[in-house]
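First up is the structure itself, then whatever we jot down about it.
Nothing in this text is a laboratory measurement; each read-out follows from the coordinates by a stated rule. Just so you know, these numbers come straight off a predicted model, no measurement behind them. Here Cβ is always computed from backbone atoms with ideal geometry, including for glycine, and neighbour counts include all displayed protein chains.
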Number of protein chains: 2
Amino acid sequence: MRRTPAPRPLPPAEDQAARFARQREADRTATAEDYVELIADLLRADGEARAVDIARRMGVSQATVTATIGRLQRDGLVETKPYRGLFLTDAGRDMAQAAKARHELVVRFLIAVGLDAETAEQDAEGIEHHASEAALQAFERFLAARKAGG
Amino acid sequence: MRRTPAPRPLPPAEDQAARFARQREADRTATAEDYVELIADLLRADGEARAVDIARRMGVSQATVTATIGRLQRDGLVETKPYRGLFLTDAGRDMAQAAKARHELVVRFLIAVGLDAETAEQDAEGIEHHASEAALQAFERFLAARKAGG
DNA sequence: TCCGAAAGTTAGCCTAGGCTAAGAAGTGAT
DNA sequence: ATCACTTCTTAGCCTAGGCTAACTTTCGGA
Ligand SMILES: [Mn+2]
Ligand SMILES: [Mn+2]
Ligand SMILES: [Mn+2]
Ligand SMILES: [Mn+2]
């Protein structure tokens, strides 16, 4: 006689608050992750990472890039040589590498569960910032199992 | 002899820019989605949705809730009767319902791929805002197949 | 060498989403 | 009816991340 799908009770307020707080934290680091990842990609592909190119690829004005780079510099992630491009610090390189690994894992995973490549690329750009270590490990396991099992 | 995992070339700048732009768009709507979802949950569970409770559950100050509710009202999603709680407009109810369905689908999916329930709950809170319709459909298919196949 | 185009910065503006502190306004129990 | 408590709003502040317009600096080709 049950018509509705069993309304789950609300989680304890503190738990829920903690989740939202971690959420906000992830949002705050997302921009930095995308920038350093892009900078690393440009360095690899072009040998240099120019602010103009970042602006073009991020779909954002050069002024915005200047401001954001300022924050990344403040946070010890990048160094700049004006008219000579951007460079990653050790911390920046670490973050870039982690971001890239995560990004590609999420893309592979989304494709593996049946998403088309282009949409996977699109969605991964956001999902990557919200997948915990545990989630990434689950994605890895899933990919490994699928490869093994066939 | 290949040592590195084949460096994928950078996507066309315009494509990449479009992805980031959609990303930013999703970020902008995320707060509204979480609020209306919570309001709907509170209405169901408590019969009313008070700003205080939203503040507690969002882990945010009451002043922040007032401001955010103001935006939701401006955008035609909620109505307020001071000291009598919050109510959803038709548009708000629609958004809440969609948000809730998405949220629960993402949780179920994450659990299905091997994530523990608590982490699934946590990660879903962010991932839900970045999963496209196509991704959600892929998640549904995956769950259906798994249930069928065993 | 010079000079226009490209690259980068600066100034000034905006919104979202946070915060604290203080005050106003209901509510409910005595 | 009163009054303490709770709820809500207001004021004033902050940062991130956007924007345009105008300016400065560098680069490279003629
Ligand atoms: Mn991203
Ligand atoms: Mn990425
Ligand atoms: Mn959410
Ligand atoms: Mn949600």
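Select from A:ILE54, B:PHE20, B:LEU136 the residue farthest towards the positive end of the dipole of the protein assembly as shown; place +1 on Cβ of Lys and Arg, -1 on Cβ of Asp and Glu, and compute about the Cα centre.
B:LEU136
If I take every Cα pair under 8 Å that is 6 or more residues apart in the stretch B:62-109, average their sequence separation and divide by the length, what percent do I get for the relative contact order?
22 percent
Within 10 Å of each Cβ of A:108-120, how many other protein chain Cβ atoms are there on average?
Mean partner shielding for this stretch: 4.
With r defined as the distance between the Cβ atoms of B:GLN97 and A:ALA117 and R0 fixed at 22 Å, what FRET efficiency is calculated, to the nearest 0.05? Working shown, then result.
Values: r = 31 Å, r/R0 = 1.39.
Taking R0 as 22 Å, the efficiency between B:GLN97 and A:ALA117 is 0.10.
Taking the alpha-carbon distance from B:LYS81 and a cut-off under 30 Å, which lysines remain once sequence neighbours fewer than 8 residues away in the same chain are dropped?
Straight-line reach from B:LYS81, under 30 Å: B:LYS100.
Using square roots of five times the C-alpha gyration tensor eigenvalues, list the equivalent-ellipsoid semi-axes of the protein assembly as shown in whole Å, biggest first. Before the final figure, lay out each step's value.
Numbers: eigenvalues 252, 136, 49 Å².
Its equivalent ellipsoid spans semi-axes of 36, 26, 16 Å.
Please order B:LEU43, B:LEU110 by the number of other Cβ within 10 Å, starting at the fewest.
So the ranking, lowest neighbour count to highest, is B:LEU43, B:LEU110.
Nearest 10 degrees, 0 to 90: what angle lies between the long axis of helix A:117-127 and the longest principal axis of chain A (Cα atoms)?
The two axes meet at around 90 degrees.
Would you order B:SER61, B:SER132 from fewest to most other beta-carbon atoms within 10 Å of each residue's own beta-carbon? Let's see the in-between values first.
Details: B:SER61 10, B:SER132 18.
In increasing order of surrounding Cβ atoms, one gets B:SER61, B:SER132.
Going by alpha carbons, how many degrees (0 to 90, nearest 10) lie between the helix axis of A:62-74 and the longest principal axis of chain A?
So the helix axis and the longest Cα principal axis differ by about 80 degrees.
What is the mean number of Cβ atoms from other protein chains located within 10 Å of the Cβ atom of each residue in peptide A:54-63, rounded to a whole number?
4
So how far, in whole Å, is the C-alpha centre of the stretch A:37-101 from the one of the stretch B:1-76?
Between the Cα centre of the stretch A:37-101 and that of the stretch B:1-76, the gap is 26 Å.
Please average, across the residues of A:93-103, the number of beta carbons from any other chain that are within 10 Å of each residue's own beta carbon, and give a whole number.
Working: counts 0, 0, 0, 0, 0, 0, 0, 1, 0, 0, 0.
For peptide A:93-103, the averaged partner shielding equals 0.
What's log10 of I(q)/I(0) for the stretch A:18-149 at q = 0.13, 0.14, 0.16, 0.20 Å⁻¹, Debye sum over Cα points only, no solvent?
Normalising to I(0) and taking log10 leaves -0.60, -0.69, -0.86, -1.18.
Okay, helix-only estimate at 222 nm for chain B: each DSSP H run of n ≥ 4 adds -39500 (n - 2.57), divide by all residues, round to 500 deg cm²/dmol; what do you get?
Here the helix-only value at 222 nm equals -24000 deg cm²/dmol.
Going by how many other Cβ atoms sit within 10 Å of their own, how do A:HIS130, B:HIS129 line up, fewest first?
In order of increasing Cβ crowding within 10 Å: A:HIS130, B:HIS129.
Given Cα pairs under 8 Å that are at least 6 residues apart, what percent is the relative contact order of chain A? Write out the running numbers ahead of the final one.
On the way: 107 pairs, mean separation 30.6, N = 150.
Result for chain A is 20 percent.
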